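Novice: For reference, the structure I am asking about is given below.
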Amino acid sequence: KQEVTQIPAALSVPEGENLVLNCSFTDSAIYNLQWFRQDPGKGLTSLLLIQSSQREQTSGRLNASLDKSSGRSTLYIAASQPGDSATYLCAVHTSGTYKYIFGTGTRLKVLA
Amino acid sequence: KAGVTQTPRYLIKTRGQQVTLSCSPISGHRSVSWYQQTPGQGLQFLFEYFSETQRNKGNFPGRFSGRQFSNSRSEMNVSTLELGDSALYLCASSPAARSSYEQYFGPGTRLTVT
């Protein structure tokens with residue numbers, strides 16, 4: 001049974017810092033892994049999708065890496081801004097299923 | 001291209017009642033998934049539909065059901081509501097091609113059961 005864990009649960013940093021969010025999963029047989037952002041009371045916004053054959057994906061100040069063998073993914077946010085404040089969720093699509101399993105999220109606060 | 005839409009956005013119901021939530025996927029997307037989000041349990045998978053067939057179901061009681069129509073629109077129904085059903089219900093659509101199973105989420109329906 002796939003389990004997804006995100007560390008840390010919460011993070012507070014001053015503006016301008018580079019930061020790393022971690023996601024680990026127990027079953028390495030995955031199709032892909034997706035990172036999302038969620039603002040309070042809102043739906044999820046897709047940030048990056050990494051296919052199982054890929055090692056990383058980049059979009060603007062965001063970079064996500066995937067190490068399937070160790071069951072880990074990291075989301076790197078460069079030069080953080082107050083507008084980055086949100087909850088970040090990773091979700092894993094396990095092979096042979098039609099569903100994503102979500103981590104519990106990292107609540108990020110970037111202080112101006 | 002319009003995004004995923006969910007109606008209604010907010011709903012208040014009484015224990016014992018039933019409720020139906022609706023989701024319209026992105027045009028061309030044939031897969032629709034439903035999730036329940038609560039502060040205590042996080043995001044939990046309810047079920048997934050593709051071409052009007054339920055392909056996967058999460059660990060929820062039979063009070064939770066869903067369906068998908070030929071135009072890919074989906075509804076989920078919760079019968080005999082309980083206080084614990086209060087949650088944000090999120091719908092996601094996907095092209096469902098195996099190589100790009102990216103999910104796109106709607107804004108959610110906030111259900112409050114009193």
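Novice: Just one of the numbered conditions (1) closer than 30 Å to residue A:9 by Cβ; (2) within 11 Å of chain A (Cβ to nearest Cβ) is not true of residue B:50; which one?
Specialist: Just one mismatch for residue B:50, condition (1).
Novice: Hey, another quick one. Which of the following residues is in contact with an Asp or Glu (Cβ under 9 Å, 6 or more places away or on another chain), within 13 Å of chain A (Cβ to nearest Cβ) and modelled with pLDDT under 90: B:39, B:95?
Specialist: Answer to the selection: B:95.
Novice: Next question. Scan region A:65-112 for residues that are under 22 Å from residue B:101 (Cβ atoms), modelled with pLDDT of 95 or more and more than 17 Å from the chain's Cα centre (by Cα) and jot them down.
Specialist: none
Novice: Residues of region A:25-51 being crowded, with 16+ Cβ neighbours inside 10 Å, without any contact (Cβ under 8 Å) to a residue 24 or more places away in the chain and not in a strand (DSSP E or B), which ones?
Specialist: Answer for region A:25-51, where residues must be crowded, with 16+ Cβ neighbours inside 10 Å, without any contact (Cβ under 8 Å) to a residue 24 or more places away in the chain and not in a strand (DSSP E or B): just A:43.
Novice: Say we look at region A:87-112 and pick out the residues that are buried (at least 17 other Cβ atoms within 10 Å of the Cβ) and away from every other protein chain (no Cβ under 14 Å); which of these is nearest to residue A:51 (Cα to Cα)?
Specialist: That would be A:108.
Okay, residues lined up against (1) touching a Ser or Thr at 6+ places or on another chain (Cβ under 6 Å); (2) closer than 18 Å to residue A:19 by Cα:
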| position | (1), (2) |
| --- | --- |
| A:46 | no, no |
| A:50 | no, no |
| A:65 | yes, yes |
| A:106 | no, yes |
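Novice: If you don't mind, there's one more thing I want to ask. Say we look at region A:6-24 and pick out the residues that are within 11 Å of the chain's Cα centre (by Cα) and within 14 Å of chain B (Cβ to nearest Cβ); which of these is surrounded by the fewest Cβ atoms within 10 Å (Cβ to Cβ)?
Specialist: Applying the filter and picking the extreme gives A:6.
Novice: Among the strands (runs of 3 or more DSSP E) lying completely within region A:53-112, list those that include at least 1 residues that are under 30 Å from residue B:59 (Cα atoms).
Specialist: So the answer is A:62-67, A:72-77, A:86-94, A:100-102, A:106-111.
Novice: Another one. For residue B:102, state whether it is under 19 Å from residue A:45 (Cβ atoms), charged (D, E, K, R) and within 14 Å of another protein chain (Cβ to nearest Cβ). Show your work before the answer.
Specialist: Numbers: under 19 Å from residue A:45 (Cβ atoms): yes; charged (D, E, K, R): yes; within 14 Å of another protein chain (Cβ to nearest Cβ): yes.
Taking the combined requirement at face value, the residue satisfies it.
Novice: Inside region B:10-57, can you point out the residues that are more than 13 Å from residue B:75 (Cα to Cα) and within 12 Å of the chain's Cα centre (by Cα)?
Specialist: Matches in region B:10-57: B:36, B:37, B:43, B:44, B:45, B:57.
The values are calculated or read from the model by the stated rules, or taken from the named source; none is laboratory data. All values derive from a computational prediction rather than experimental measurement. Glycine also receives a Cβ, built like all others from the backbone with ideal geometry; neighbour counts cover every protein chain displayed.
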